[in-house]
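Here the structure is laid out as structure tokens; the discussion comes afterwards.
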Amino acid sequence: MTLRRLVFLGAPGAGKGTQAERACRDHGLVHLSTGDLLRGAVKAQTPSGVAAKAYMEAGDLVPDDVVFGVLFERLDEGVDAFVLDGFPRNLAQAEGLDERLAAAHKPLDGVIELDVPASAIVGRITGRRVCKACGTTYHVAFRPTSQEGVCDNCGGETYQRSDDTEAVIERRLAVYREQTEPLKEYYERKGLLVAVNGDRSMDDVEAAVDAVVAGNGERIDG
Ligand code: AMP
């Protein structure tokens, strides 16, 4: 049976966004990226956006109450089949999510960890480009646009996120190691974690993710 409430876990640059986008399109789930929601709030200069901006530019975690605010606002719109991409990022967020979903009697039914070695991460992040209009993610070497700077999906302009630079990456990776990585154990203990090897072709990763979302995945995927 298709899983309907999932978390995608993984370091910055592990491919969470790309894989979440595809899985949602193929399985009719809603893609909820707290990074995207926060960037939207920053752009719109909402109170959440104003509160989040400096943390994001520094590569630090935005305070939990701000993140809960933007995410729960979306869930409150009646979204109950989703992939969470970039959330939770620490234990307090994981527990807050569990409480929120338990109250609705709709707990998580899977957590996919995209596993990519640290040595591959920096190149993945610095090469990332994102469409300003539709948010589709590219990579200058691994998934280039057909025409430089132009989104294949919608013709919008692609750009490099200001926190995808080498200066900010080290901080983001340290935050991941210290605060987010322990969630693997948290979800492992709950019997929800499936590790997918994210260090291979995008199509191979997609096939492995697809199998898990479709309910046929191995518990630990090579
Ligand atoms: P992402 O697009 O997931 O790489 O997120 C970009 C930035 O947004 C992060 O470096 C954080 O500053 C912030 N952010 C996104 N999601 C969260 C979260 N769940 N908790 C705290 N900060 C977040």
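The values are calculated or read from the model by the stated rules, or taken from the named source; none is laboratory data. This one's a predicted model, so the numbers in the text were calculated from it and none came from an experiment. Glycine also receives a Cβ, built like all others from the backbone with ideal geometry; neighbour counts cover every protein chain displayed. With ligands, DNA and RNA removed, areas are computed over all heavy atoms of the protein, side chains included. Shrake-Rupley method; radii C 1.70, N 1.55, O 1.52, S 1.80 Å.
Side notes on the structure shown:
- Residue-level analysis places Ala167 outside the set of residues that are of a type in the set (A, V, I, L, M) and either in contact (Cβ under 8 Å) with a residue 60 or more places away in the chain or farther than 15 Å from Pro12 by Cβ (or both).
- Residue match in the range 41-49 (condition: closer than 23 Å to Thr2 by Cα, surrounded by 14 or more Cβ atoms within 10 Å (Cβ to Cβ) and touching a residue at least 24 places away in the same chain (Cβ under 8 Å)): no
- Residue in the range 82-93 that is buried (at least 17 other Cβ atoms within 10 Å of the Cβ), farther than 28 Å from Asn216 by Cβ and modelled with pLDDT under 95 present: no
- Selection status of Asp60, open to solvent by 10 Å² or more (accessible area, probe 1.4 Å), near the ligand (Cβ under 9 Å from one of its atoms) and farther than 26 Å from Val122 by Cβ: no
- Scanning the range 154-181 for residues being over 21 Å from Tyr55 (Cα atoms) and under 20 Å from the mean Cα position of the chain (by Cα) gives a total of 1.
- Condition check for Glu73: surrounded by fewer than 20 Cβ atoms within 10 Å (Cβ to Cβ), among the acidic types (Asp, Glu) and within 12 Å of the ligand (Cβ to nearest atom): no
Results for (1) within 9 Å of the ligand (Cβ to nearest atom); (2) more than 30 Å from Asn197 (Cα to Cα); (3) out of contact with any strand residue (DSSP E or B) (no Cβ under 7 Å at 6 or more places or on another chain); (4) small (Gly, Ala, Ser), shown as yes or no for each residue.
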{"site": "Arg4", "(1), (2), (3), (4)": "no, no, yes, no"}
{"site": "Pro12", "(1), (2), (3), (4)": "yes, no, yes, no"}
{"site": "His27", "(1), (2), (3), (4)": "no, no, yes, no"}
{"site": "Ser33", "(1), (2), (3), (4)": "yes, no, no, yes"}
{"site": "Gly49", "(1), (2), (3), (4)": "no, yes, yes, yes"}
{"site": "Ala52", "(1), (2), (3), (4)": "yes, yes, yes, yes"}
{"site": "Met56", "(1), (2), (3), (4)": "yes, no, yes, no"}
{"site": "Gly78", "(1), (2), (3), (4)": "no, yes, yes, yes"}
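- Residue in the range 58-77 that is of a type in the set (Phe, Trp, Tyr) and over 27 Å from His27 (Cβ atoms) present: no
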